[in-house]
Amino acid sequence: MDKKIAPSARHRLTKPAVLLVTVAIIAWLGMNWQASARTSVLLPLSSVSTAIVQQQNLQESIALRANILPQQTVFLDVIEGGRVEEKLAEQGQFVTQGQPLVKLSNTALQLDLISREAQVTEQMNFLRNTQMTIETNRLNLKRDVLDIEHQIATLSRNLAQSEPLVKTGVLAKEHLLDLQQDLQYQQQRLLLTQQQQQQEEAIRQQQLSQLSDSVAMLTKNLEFARQNVQNLLVKAPVSGYLSEFNVEAGESRAPGSRMGQIDIPGQYKLVASVDEFYLSRVAIGMQATAQLNQQPLSLTVNRVDSRVVNNQFQLEFNLPGEHNVTRGQSVNLTLQLETQQRQALVLPRGAYLADSGGQYVYVLDSDSAIARKQAVTIGKQSTNQIEVISGLKAGDKVIISGYRDFDQADTIQLQQ
C-alpha cells in the first residue's frame, strides 16, 4: 500500500510570497504612471499663447464698468397715505412742474377737514358773541359814568344855590348837609365806576387777544388739513423724466412710501462699483479715462461711497459737457491708481492669472518645446499688464493662455 507524502513547509510559503510580490510590483508601476501623468502633460503648440517678460513703463490702474445716472434726482414720496384712485402719468414720461401724477383718496383726512371747519366756525361764532357781550358791557359802563357825572353836576349846582339861602335862614342847614353827602357819595361812586371800567377794559383786551389767537390757531390747523387733502393729488415738484414710477390704480399707499422719482435732464454722472479691496486706495480727485460714443473722456472721482454692499463700494464721476446719453447706459472706464508711470518687469494680462491665482506660470525653455512650472510673485496691475516682482527675468517666454488643461502638471510638452 502506497504512503501519502505531506508537502513541506517551504512549498507552502512559496505561492503566497510570489503573489504578494506581484501585487507590490503592480502597485508600484501604477503609482509611477500616475506620478508621471501628473508631472507631465502633452499638448499641441497651437493650443497655447505666449508672451515675453519685458522691462516697460507701468501705471497701476483698474478697469471698471459704470452706469450713467442723472446728477440730480427728486424722489416722489407719499405725504399722506391713501388709495390710488387714478394714475395720471406713465413711467419714462417727461413731466412739468405742477403736473398731476396720481390722485389718491383718504376718507379719514376728508372727515378731519370737515371736523376742523366746524370747529373754526364754532369758535368764530363764540368770538363774535363774546365781542358783542363785551361791547354791551363797555357801553353800559359808559352810560353809568355819564349818569353819575350828571348827578354830580346837578348836586354841585344845587349846593352852590343852597349855601346863601341857608345863611339867610331861608333853607334849613339840614338840607345843605344832605346835598353835601349826596355829592360826596356820587363822587366816590364815580371813582369806583371808573376803576371798574379800567379793569374790565384790560380784561376785555386780554380775553379778545386769547380768542383771536385761538381762532388763528384753528384757522392754521384748518389750512394744514386742507393742504393734506390737497396732497392727495400728487403733483410733480420739478420738471424732468418720471422714472421708477410703480403705481397701480386700486392699491393702498402708506404715508412716506416711495412712488417714483424725477430725473433732472441735462446733467449726468457715472456710478461704478469697485471691489472692497481697493477701498483704502481710492480717493476723491483720482483721474480716470473712458470712451463714450467713440469719444475719449477724462474723468475725476468726485465722490466715494464707502458703504460696502456685497463686497463692493461705489465711485461717482461727474460727466462733463453735453452728451447724447440715456439713464442706465453702461460705460467702460479705467481708474488710475498711480499718478505717474514707472519702470517695472511686466507680463500681459491673460486667462492664466485666474487659473493659477497669480501663484505660478509656465516658462518655455529656449532650446526645447518644454514649459516648466515656475512660482512667481506678482505686484501691481494695470488694465492690460501685471508687475512681476520675483520668479521671472526679462526675456523669459511665458504661456499666458488658460491653464485649465494643464492639470497643474510640473512640465508641459508641446508638439507641432
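Mean sequence separation of contacting Cα pairs (under 8 Å, at least six apart), scaled by the length of segment 345-411, corresponds to a relative contact order of 41 percent. Would you mind checking segment 367-401 for residues with the amide N under 16 Å from a putative spin-label position 7 Å along Cα→C-beta of L42? Within reach of a label on L42: 369-371. When the chain is treated as a GNM with alpha-carbon contacts under 10 Å, the residue of L101, L64, L155 showing the greatest mean-square fluctuation is L155.
Stretching the chain fully between T411 and S105 yields a gain of 102.5 nm (0.36 nm per residue, less the alpha carbon separation). Roughly how many Å is it from the Cα centre of segment 257-301 to that of segment 134-166, as a whole number? Using only Cα atoms to place each centre, the spacing works out to 92 Å.
Normalised by the number of residues in the chain, the average gap of Cα pairs under 8 Å and 6 or more apart makes the relative contact order 31 percent. If you roll a 1.4 angstrom probe over the protein chains with everything in place, what fraction of the accessible area of the chain belongs to carbon and sulfur, to the nearest %? Carbon plus sulfur share of accessible area: 52 percent. Under the shape rule built on the C-alpha gyration tensor, where the axes satisfy a ≥ b ≥ c, segment 313-416 is prolate, since a/c reaches at least 1.5 and a/b is greater than b/c. Relative to the longest principal axis of the Cα atoms of the chain, the long axis of helix 173-230 lies at roughly 20 degrees.
Sorted by packing (mean other beta-carbon atoms within 10 Å per residue), highest first, where do 290-300, 233-243 land?
Ranking the peptides 290-300, 233-243 by packing returns 233-243, 290-300.
At 222 nm, what value in deg cm²/dmol follows for the chain if DSSP H runs of at least 4 each add -39500 (n - 2.57) and the sum is divided by all its residues, to the nearest 500? -14000 deg cm²/dmol, from helical runs alone.
The residues of segment 267-369 present an accessible area of 57 Å² per residue when probed at 1.4 Å with all protein chains retained.
Taking a point 7 Å from the Cα of S214 along the Cα-to-Cβ direction, the residues of segment 123-158 with backbone N closer than 20 Å to it are 123-138. Highest mean packing comes first when the peptides 393-403, 180-190 are listed by Cβ atoms within 10 Å, giving 393-403, 180-190. Solvent exposure of segment 47-152 amounts to 58 Å² per residue of accessible area, where only protein heavy atoms count and the probe is 1.4 Å. Scan (i) 1.06; (ii) 2.37; (iii) 1.15 for the value of Cα Rg over 2.2 N^0.38 Å calculated from this model and give just the label. Calculated Cα Rg over 2.2 N^0.38 Å: the matching label is (ii). Remark: accessible surface ordering of E174, E117 (largest first) is E174, E117, probe radius 1.4 Å. Loop-located GluC sites (Glu not before Pro) in segment 310-416 (DSSP state other than H, G, I, E, B) with a sparse environment of at most 16 neighbouring Cβ atoms within 10 Å: E322, E338.
Straight-line cross-link reach from K142 at under 17 Å between alpha-carbon atoms covers these aspartates and glutamates, not counting any fewer than eight positions away in the same chain: E200, E201. Please list, by residue number, everything in segment 43-84 whose backbone N is under 16 Å from a paramagnetic label point 7 Å out along Cα→Cβ of D275. Those under the cut-off are 60-65.
The values are calculated or read from the model by the stated rules, or taken from the named source; none is laboratory data. All values reported here derive from a predicted model rather than from experimental measurement. When we count neighbours, we look across all protein chains shown, and the Cβ atoms used for this are built from the backbone with ideal geometry, even at glycine. Ligands, DNA and RNA are stripped out before the accessible areas are found, and what is left, the full protein with its side chains, is counted by its heavy atoms. Shrake-Rupley method; radii C 1.70, N 1.55, O 1.52, S 1.80 Å.
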